[in-house]
Amino acid sequence: MNRIDHWVDNAPTPSTSGRTSPVFNPATGEVTAEVGLASIEEVDAAIASAEAAFPGWRATSLARRTEVMFAFRNLVVDNRDRLAAALTAEHGKVLSDSAGELQRGIENIEFACGIAESLKGNYSEQVSTGIDVYDIRQPLGVVAGITPFNFPAMVPMWMYPLAIACGNTFILKPSEKDPSVNQIVAELLAEAGLPPGVFNVVQGDKVAVDRLLEHDAIQAVSFVGSTPIAKYIYSTAAANGKRVQALGGAKNHMIVLPDADMAGAADAAISAAYGSAGERCMAVSVAVAVGSAGDALAAAITERIPGVTVGVGTDPASEMGPLITGEHRDRVAGYLDSGATQGATVLVDGRESAAFDLSGFFLGPSLLDHVTTEMDAYNDEIFGPVLSIIRVDTYEEAVGLVNDNPYGNGTAIFTRDGGAARRFQFEVEAGMVGVNVPVPVPVAAYSFGGWNASAFGDNAIYGPDGVRFYTRNKVVTSRWPDPGTSSIDLGFPTNT
């Protein structure tokens, strides 16, 4: 059976802990590999490698760091098909979705290629007589990323390209459910010229996570996952004196006003709710139909669902693949029963899809109507292909739903009214807002981050906030006096 190892000092490093976890092909339900789960000693060895590499990498010129990032970017592009195949084999998403994930990751590598521009400081001449002040941004040291199963390539690419380009060394702890893609990435980074120890991969579970959160050498931790774990990551790492960005869960609402292009809104809802089998934190899980939009939207979405082809991710005809595990598939399907019991109307039951009878972890697109805020389907982050429709009478009620929800990741409005759209982006309490865009994930030159229970920490991820997160500011006050004018002055410094 294929064995997936750690990556330390630019080489595969087998685990000796004796603990392993199975890796499934979600399309068949078969175990295709096993991944070694790190012991505390193995985590410490990776951290020691990163510590040893930091002084040399920090002293490496921006020109050389940029050269490595450009080379890495080109290698990822050249190996796109290989990486996409690894994604699909272990996550289950269709190949076109895997390719899209990689493209968004590549955008973040390209942003890191411009690190010389991002690290420019400020300079003020003659702030006082003969005194200049300037600031510089310097790397933190060894930093860590803990990433989820749903985007095993893209989410790490939100972290390590920028962290490394800023001069840090990096420890990645990916999900044990789909770990292979980052072994390939590690090989490509080494091929691009990254020195040993600058990028290390530790496969593992909570043992590895807790060690990263506690180890004195780790200066910062980036995390993407569920809100309960994000809270744990944030509180534990912060208590150990680390800088933390922890992105949690979501309940993303898509508001549809009566004047919206209903066909376009329904197309957008299908794409945003069922893409990647709904296993993404920016998926639309609630469509809020305002006024007369309710019947039209429900009918349009219901009409389109049979046209979504569910199947094995390697089949070019497939548009939606399986969920990550059988246990998760059954949990998601359970919201159809609880929704019906609590008073919702099941317009489309994904368990009746032919795909549900396949040997893998499949569930067809599902649709609940007349959902209310008291129902489990509304309050829980389902993280699967179940879309809920809530009906409200007014725009104000719709915005109130979003603002009253404990999450605040992303939201969208569909309307032809520019005034309503502008009012919405002004009033809504969420970190990322779409206007006739259902999944408003920012491009790499901006930063990704939600509000409220969707994010913990002071900085959003990637983009300008990523540069700020992975560096610290140093202000230098400089004076080069004429030796002949030097004198002792015990008074308080003043600007003259």
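Every number here is computed from the coordinates shown, using simple stated rules; none is lab data. Computed from a prediction, not measured in an experiment: that's the story for all the values here. Note that we place each Cβ from the backbone using ideal geometry, even for glycine, and neighbour counts take in every protein chain shown.
Between helix 293-304 and the chain there is an angle of about 90 degrees, using the helix long axis and the longest principal axis of the Cα atoms. Work out the FRET efficiency for Leu490 and Ala354 from their Cβ-Cβ distance, taking R0 = 60 Å, and round it to the nearest 0.05. Between Leu490 and Ala354 the formula returns 0.10.
Charge dipole (Cα centre; +1 on Lys/Arg Cβ, -1 on Asp/Glu Cβ; no other charges) of the chain amounts to roughly 1180 debye.
Helix 95-112 and the long axis of the chain differ in direction by around 20°, with both axes built from C-alpha atoms. For the cross-link pairs Lys173/Lys206; Lys93/Lys173; Lys93/Lys177; Lys120/Lys474, the ones whose C-alpha atoms lie over 18 Å apart are Lys93/Lys173.
Can you give the angle from 0 to 90° between the axis of helix 395-404 and the longest principal axis of the chain, with both taken from C-alpha atoms, to the nearest 10? The two axes meet at around 60 degrees. With R₀ fixed at 51 Å, the C-beta to C-beta distance from Ala48 to Val443 puts the FRET efficiency at about 0.90. Highest mean first, the peptides 167-176, 220-229, 299-308 sorted by other C-beta atoms within 10 Å per residue fall in the order 167-176, 220-229, 299-308. Counting only Cβ charges, +1 for Lys and Arg and -1 for Asp and Glu, the dipole size of the stretch 252-435 around its Cα centre is about 360 debye. Taking label points 7 Å from Cα along the Cα-to-Cβ direction, Glu327 and Arg423 give a separation of 4.7 nm. Charges on Cβ only, +1 for Lys and Arg, -1 for Asp and Glu, centred on the Cα centroid of the chain; of Met432, Phe54, Leu368, which one is farthest towards the dipole's positive end? Comparing the listed Cα positions along the dipole, Phe54 ranks first.
When the chain is described by a simple charge dipole with +1 on each Lys and Arg Cβ and -1 on each Asp and Glu Cβ, the residue from Gly114, Ser96, Thr227 located farthest towards its positive end is Gly114. Straight-line cross-link partners of Lys251 among the aspartates and glutamates, defined as a Cα under 19 Å from its Cα and at least 8 positions apart when in the same chain: Glu279, Asp369, Glu374, Asp376, Asp380, Glu381, Glu396, Glu397, Asp404, Glu427, Glu429.
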